[in-house]
Structures are given as C-alpha cells and as structure tokens.
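Below is one structure; the comments refer to it alone.
The values are calculated or read from the model by the stated rules, or taken from the named source; none is laboratory data. The model shown is predicted, which means the values in this text are computed figures rather than measured ones. With ideal geometry, Cβ positions are generated from the backbone for all residues, glycine too; neighbour counts draw on all protein chains shown. Only protein heavy atoms, including side chains, enter the accessible area calculation; ligands, DNA and RNA are left aside. Shrake-Rupley method; radii C 1.70, N 1.55, O 1.52, S 1.80 Å.
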Amino acid sequence: MLEKPPVAVDFALALLDLEGVGRVTALRLLERFPTYESLLDYPREQVLLRLKGIPNAERTVAHLFDRDAFQTAIKKAADDVTGLSGKHIQVIAHGHPHWPAGVSDLDRSNQPVLLYTFGDTEALAQTSVAMLARPPLATGPFEAAQVLARKLLDEGIPVSSAAQTGFDVVLHKLYSAARVPSVIVANCGLGKVDNKMRPGIAAAVKAGGILVSSFPPTHGPFDHDDADRALLQTALAGPSLFVAPRMHTPEARALDWALNANRPVFGLPGDDADDALSFPERVHLLLQDVDQDWVIAAARTTPTP
C-alpha cells in the first residue's frame with residue numbers, strides 16, 4: 001500500500017481561506033486529498049460526496065474546481081508561507097516529520113489543520129508532560145508544581161506549558177535556565193503573544209524549545225480561544241498535570257478530554273474553594289512529593305502521542 005503524501009501547506013491554507021470553510025470541512029478534504037493535484041484526480045461528484053452533510057458543500061466544490069482562481073489562491077498562500085519563514089515562523093501540517101500525532105485524538109472541531117511554530121520542531125516529537133494551571137494559585141499547589149518541574153528537569157523530560165503570565169513564566173525560566181527543551185502553546189497568533197512573555201519565550205526557544213499556535217499569526221487574542229489552547233497543550237503531551245483546576249475553565253475541559261482519551265492524568269489539589277473542581281476518580285492525585293515519581297514513570301512509559 002502506497003503511503004499517502006504529506007498535506008501540502010499551501011493547499012491547506014488556501015482551503016481555509018475559502019468562505020465558509022473551517023476546520024471540519026478542511027480536515028475532511030485533506031484526509032482524502034492532501035494536495036490539490038490529488039483532488040483534481042477525482043471527479044467533482046466524488047469530492048462532493050466527501051463533504052456530504054457539510055453546509056454549502058456544492059459552493060465549496062465549485063470554488064475548488066475553478067482551477068485558475070484556486071491555483072491563484074494557492075500561489076498567494078505559498079507566498080504567505082515564504083513571508084512567515086523570513087520571520088522564522090514555520091507552518092507545518094500532517095505528514096511533516098515532527099507533526100504531533102496526538103492532535104488527531106482531538107475532536108475534528110478542535111483539531112488544528114496547521115500549526116504555526118517558532119523554534120525547533122523536533123521538540124514536538126518528544127514525550128512531554130502538560131502542566132496546566134490558572135492564576136491565582138495558592139502557595140501550596142504552586143510550590144508542589146515547581147518541585148515536580150524540577151524533578152522532570154533532572155530527568156530531561158520536557159513540559160508542555162502555556163504562553164501566559166504567572167505559573168507559565170516560572171516553567172519557562174526553569175527550563176531555559178537548564179537548557180532543556182519545552183513546548184509553549186499560545187492562545188493567539190504568534191504575532192499577538194503578550195510582549196511581556198516574549199523574553200522568556202525567546203530564552204526557551206534558544207534552549208531548544210518551541211512556541212506553537214493553531215491560529216494564524218495576526219489572530220486574537222480572544223478569551224474563547226483559550227479552550228483550544230488548553231486542549232492542544234494537553235494533546236501535544238503524553239501525561240498531563242492539572243494544578244488546582246476550577247470548574248468551567250479551559251483547564252477543566254482539557255482534563256475531561258484527557259481522561260476520555262485515556263491519557264495519564266495527574267492532579268494537584270488546591271484550596272477548598274467553592275468553585276474548585278472535584279477531581280474525577282481516575283485522576284492520580286499527587287498528595288505527597290514522593291507521588292510525583294508517578295508522573296516521571298508515566299512520561300517514561302507513555303509513547304509520544
């Protein structure tokens with residue numbers, strides 16, 4: 001059986017630029033037609049069948065088979081990718097050597113079609129531990145999380161963190177100082193990351209880490225995109241640690257997804273606040289420092305997703 005070619009980034013970008021085409025439609029097409037040439041090998045009716053049940057499917061297929069116009073769109077997308085490359089931003093898609101397979105576990109509505117990356121993409125191919133927390137954090141869980149981060153560092157195990165202030169800044173500093181790669185996931189386009197975060201991110205990238213976003217560089221920031229960030233951050237990793245999560249937050253949603261995806265999930269309890277999330281039974285609670293060795297063991301035995 002012939003191996004399917006990798007998704008062509010310029011084709012994927014041109015698809016997403018079509019009116020009415022979002023992640024679900026693009027992914028359904030790219031799973032069967034990873035390049036524009038492969039799509040044109042099939043009759044229009046078969047391409048339309050691939051989009052059965054998708055709104056405005058006929059209009060989308062008509063745009064795709066308007067060859068001159070769509071090839072112009074692909075050329076524009078290729079020029080955009082070249083322009084981003086000049087800013088050291090690489091756009092990768094399924095089939096790239098370091099494309100993280102774990103994102104395929106996400107629901108289609110949450111799966112990224114492309115990833116915008118700044119740094120060494122090889123960091124995406126290593127099994128990391130996702131560490132998720134939302135300020136304000138009580139002193140106890142904050143310090144326990146730092147103890148775990150230092151243990152992971154001693155073992156050379158990367159973390160997957162967010163690109164926000166507080167807890168994430170501590171992780172970035174620890175990892176860049178130790179010259180251990182980390183994966184930093186933004187909740188906006190790479191060009192919109194908070195200026196206060198940029199020095200720490202630059203140091204992490206210099207240490208072999210990577211900044212990742214599923215959003216185009218000029219997108220956001222918007223509060224509702226933080227759920228996508230938490231899900232992607234968790235999907236990129238093997239085990240995940242949730243520090244004192246609260247109900248109705250992106251972290252609570254990511255925790256629920258990780259359990260349903262049968263990922264190793266660990267928790268650090270916080271204060272008994274009214275809005276504190278009660279950890280589900282399958283979460284391994286780290287009640288003593290010695291329990292943190294469970295996370296290291298899980299990182300060592302969990303394959304890269």
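Summary table below
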read-out	value
The chain: relative contact order in percent, alpha carbon pairs under 8 Å with at least 6 residues between	17 percent
Spatially proximal lysines relative to Lys87 (Cα-Cα < 16 Å; intrachain offsets below 8 disregarded)	Lys192, Lys206
Radius, Kirkwood style, for region 91-238 when every pair of distinct Cα atoms is counted (Å)	15.1 Å
Accessible area (Å², per residue) of the chain, counting only protein heavy atoms and a probe of 1.4 Å	47 Å²
Alpha-carbon centroid distance for the pair region 45-63 / region 176-218, whole angstrom	37 Å
Exposure ranking of Met247, Met131 by accessible area [1.4 Å probe, largest first]	Met247, Met131
Accessible-area ranking of Ser38, Ser109, largest first, probe 1.4 Å	Ser109, Ser38
For region 14-41 and region 79-120, distance of Cα centres in Å	15 Å
Accessible carbon and sulfur surface of the chain relative to its total accessible area, %, 1.4 Å	52 percent
Debye intensity ratio I(q)/I(0), log10, the chain, q values 0.07, 0.09, 0.16, 0.17 Å⁻¹ (C-alpha model)	-0.29, -0.47, -1.25, -1.37
Principal-axis tilt of helix 67-85 within the chain, Cα atoms, nearest 10 degrees	30 degrees
In Å, descending, principal axis extents of the Cα set of region 1-117	39, 32, 30
Förster radius 41 Å - calculated FRET efficiency between Asp120 and Gln46, Cβ distance, rounded to 0.05	0.55
Cubic angstrom per residue, convex hull over Cα atoms of region 34-175	160 Å³
Net lengthening on full extension, Asn56/Arg150 (0.36 nm per residue, minus Cα-Cα)	28.7 nm
Region 168-218 - charge dipole about Cα centre, Lys and Arg +1 at Cβ, Asp and Glu -1, debye rounded to 20	140 debye
Region 159-236: radius of gyration over Cα atoms, expressed as a fraction of 2.2 N^0.38 Å	0.99
Principal axis dimensions, largest first and in whole angstrom, of region 222-262 by Cα	28, 20, 16
GNM top mover of Thr121, Thr72, Thr249 - the chain, alpha-carbon springs below 10 Å	Thr72
